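S.K.: Before I ask anything, here is the structure I am working with.
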Amino acid sequence: MTNSMNNGGTESELVPLNQIDESEKRKTDEPTESTINADINEFIVTPPDGGWGWVIVLASFMNQFILDGICYAFGSFMLEYANYFGSSAATTSALMSTLVGCYMLSAPVGSALINKFGCRPVGISGSILAAISFVVCTFSNSILTMIVLFGVFGGIGFGLMYMPAVISVSLYFEKKRPLAVGLGMCGTGVGTFVFGPTGKFLLDNMDWKGAHYIIAGIILHGCVFAALIRPLQSKHDRKLKLEQRLENRDAEAKGSLTKINGHSNGTSEKSEKIKRATSSQPNIRTGALGSRLNVGSINVYHSTNRLSGQKSVTTLTVEEAQDLKRPMYKKDIFYSGSVLNLPEYKDTSNTQDYVASIISLPAMHNKTTTNICSCLPRQITDTLSEMLDLSLLKIPAFNLIAFLSWLIMIAYLIPFAFTSVRAVQMGVESGKASFLISILGVSTMLGRLLSCVIAQIPNLRALLIHNIFLFLAGISCVVMPFCKTYIAMAVSAFGYGFFIGGHVALSPLVLVDLIGLDKLTTAYGITVLLRGVSTIIGPPIAGKIYDTFGSYDVAFFIAGGLIVFASFAFVLLELEWFKPKSHNSKT
């Protein structure tokens, strides 16, 4: 991003906060026709923590209900695909793993598109792409073609649906974010619960192609829920619209006055009334902030030191100033815990000041970003550069977290993909077997909800709670092969879903504790890519084990063992060597 300070603009000067008032701004930098002065709060958007935000939570819930419900419940389709294409268990399982893996791998691209175009158009585009892929893949004549059309393109579409569902909630909520995020996450559990039996019902009444057509229609409903994501407006946007309306009204009044002046003198009284009416309109162009129309640059006053109360003035172009309200320039956009526990919030007096303090617009901090592709808009390249910043690999704690996250995701999908298939092999009726996926979904929802409640506890040791959840999830997976009755299968499935759901919900809190809020976006970007890769390879490995041994039990043992190992390895992060000397996180 080009910082206008480096191109002859106003130099950054530190001024005590209590000395910055309107008279001082006019004295030091008198606004001209093409320049205005403004505080950073004029351009940022403050989350309302309610109101239309609860509609956003509903939209997030429904989109996660659709995409996660379909992803995790597609285990019931595995046998249909294998029979139709005559493929092995390893190859067939690649369908589901590629779908979920590409869904994760598309997160950085989806985030970048949202930063440029907004949540609404990206969510609608993702729904359309996913629905098309579910229809087109029915014309596949081989399993490999199916993997590309269904897994790759469907996964990308789901990823573009998912990112708006997550980011929009963070934009609308700060203090109530754990509750809002938790309610939105419930869509995953409820969707898995509903789509498990639904998939079985569809396959009982039609072939898998007909089921795909119906599911594609359900996916298109994501367009409706994405359309509910109303973009927030800054004070600058509202004042700009007001000024535009007033100018339009002035122009209309002057037009009417011109017409009246062309008539006889008998209309002079009416002419005088219009003159008085137009002259009484507030002229917001003459205020201290200057005109907001036809502005060439803006002097933005922003905090440079929260503790000393110093502010700096930076000259930005209008486009750069508008970037202040874009979501991916907020450091806490992927944080699902309570901001009330963050030092960044405690150092500020209110939510508006907190939001202003966590804006990381490169032009305001003399930062330069790597231009990945000169043909892409700046907002996209900024996001991709931030999320794929490999300099974070210099931090030992993050390297361990990234490796363990990769390891866990190899095992993560195996119970979702093979629990119902294994139950059928054990002689369980197919309808009851598919309900095991519903149990996994409901328990995952409950685990995430509990974690969101835990996330609001002050001075929480998120790493300790996370490790307990992870260890118990691994144990639940290990005992699955020993479950010979349906009740035992249901209990182990509930245990795995509940504890692995807690792990997923607590992961962002662990990252902030160990890496700091400043690096959360980068940490999220790198870990989600690693998780996407491991998700793609996990189920096919389990399928290959089945092809070799004729049983899924070995795959469940290995998956549970990996998760238990990761839970113990996470304890290493308690060592002083892994703890950063200083970061902006809660202690």
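The values are calculated or read from the model by the stated rules, or taken from the named source; none is laboratory data. Worth saying up front: this structure is predicted, and the values here are computed from it rather than measured. Methodologically, a virtual Cβ is constructed for each residue, glycine included, from the backbone with ideal geometry; neighbour enumeration extends over all protein chains shown. When the accessible area is computed, the model is the full protein with side chains, heavy atoms only, and any ligands, DNA or RNA have been set aside. Shrake-Rupley method; radii C 1.70, N 1.55, O 1.52, S 1.80 Å.
S.K.: Scan region 307-319 and give yes if some residue there is of a type in the set (A, V, I, L, M, F, W, C), open to solvent by 10 Å² or more (accessible area, probe 1.4 Å), modelled with pLDDT under 60 and assigned to a loop (DSSP other than H, G, I, E, B), otherwise no. Write out each step before concluding.
M.R.: Applying the first criterion (of a type in the set (A, V, I, L, M, F, W, C)) to region 307-319 yields 307, 313, 316, 318.
Next cut, open to solvent by 10 Å² or more (accessible area, probe 1.4 Å) only: 307, 318.
Checking the rest, the ones that are also modelled with pLDDT under 60 come to 307.
Now drop any that are not assigned to a loop (DSSP other than H, G, I, E, B), which leaves 307.
Looking through region 307-319, at least one residue is of a type in the set (A, V, I, L, M, F, W, C), open to solvent by 10 Å² or more (accessible area, probe 1.4 Å), modelled with pLDDT under 60 and assigned to a loop (DSSP other than H, G, I, E, B).
S.K.: For region 457-480, indicate whether the set of residues that are open to solvent by 10 Å² or more (accessible area, probe 1.4 Å), within 19 Å of ALA555 (Cβ to Cβ) and either among the aromatic types (Phe, Trp, Tyr) or touching a His at 6+ places or on another chain (Cβ under 7 Å) (or both) is non-empty.
M.R.: Taking every residue of region 457-480 in turn, none turns out to be open to solvent by 10 Å² or more (accessible area, probe 1.4 Å), within 19 Å of ALA555 (Cβ to Cβ) and either among the aromatic types (Phe, Trp, Tyr) or touching a His at 6+ places or on another chain (Cβ under 7 Å) (or both).
S.K.: Could you tell me which numbered condition MET426 fails, if it satisfies all but one of (1) under 28 Å from ASP547 (Cβ atoms); (2) modelled with pLDDT of 90 or more?
M.R.: Evaluating MET426 over (1) under 28 Å from ASP547 (Cβ atoms); (2) modelled with pLDDT of 90 or more leaves (2) as the failure.
S.K.: Answer yes or no as to whether LEU562 is within 30 Å of ASN459 (Cα to Cα) and either free of Cβ contacts under 8 Å to residues at least 40 places away in the same chain or open to solvent by 30 Å² or more (accessible area, probe 1.4 Å) (or both). Spell out how you get there, then give the answer.
M.R.: On the way: within 30 Å of ASN459 (Cα to Cα): yes; either free of Cβ contacts under 8 Å to residues at least 40 places away in the same chain or open to solvent by 30 Å² or more (accessible area, probe 1.4 Å) (or both): yes.
So LEU562 fits the description; yes.
S.K.: For the condition at pLDDT 90 or above, open to solvent by less than 10 Å² (accessible area, probe 1.4 Å) and either under 22 Å from PHE557 (Cβ atoms) or aliphatic (A, V, I, L, M) (or both), what is the one hit in ALA493, ALA505?
M.R.: Working: ALA505 fails: at pLDDT 90 or above.
The match here is ALA493.
S.K.: Moving on. Any residue at all in region 206-226 that is without any contact (Cβ under 8 Å) to a residue 24 or more places away in the chain and not in a helix (DSSP H, G or I)?
M.R.: Step one: filter region 206-226 for residues without any contact (Cβ under 8 Å) to a residue 24 or more places away in the chain, giving 206, 210, 214, 224.
Filter once more, keeping what is not in a helix (DSSP H, G or I): 206.
Yes.
S.K.: Sticking with this structure for a sec: Return the residues of region 424-447 that are in contact with a Ser or Thr (Cβ under 9 Å, 6 or more places away or on another chain) and hydroxyl-bearing (Ser, Thr, Tyr); say none if nothing qualifies.
M.R.: Result: SER430, SER434, SER438, THR444.
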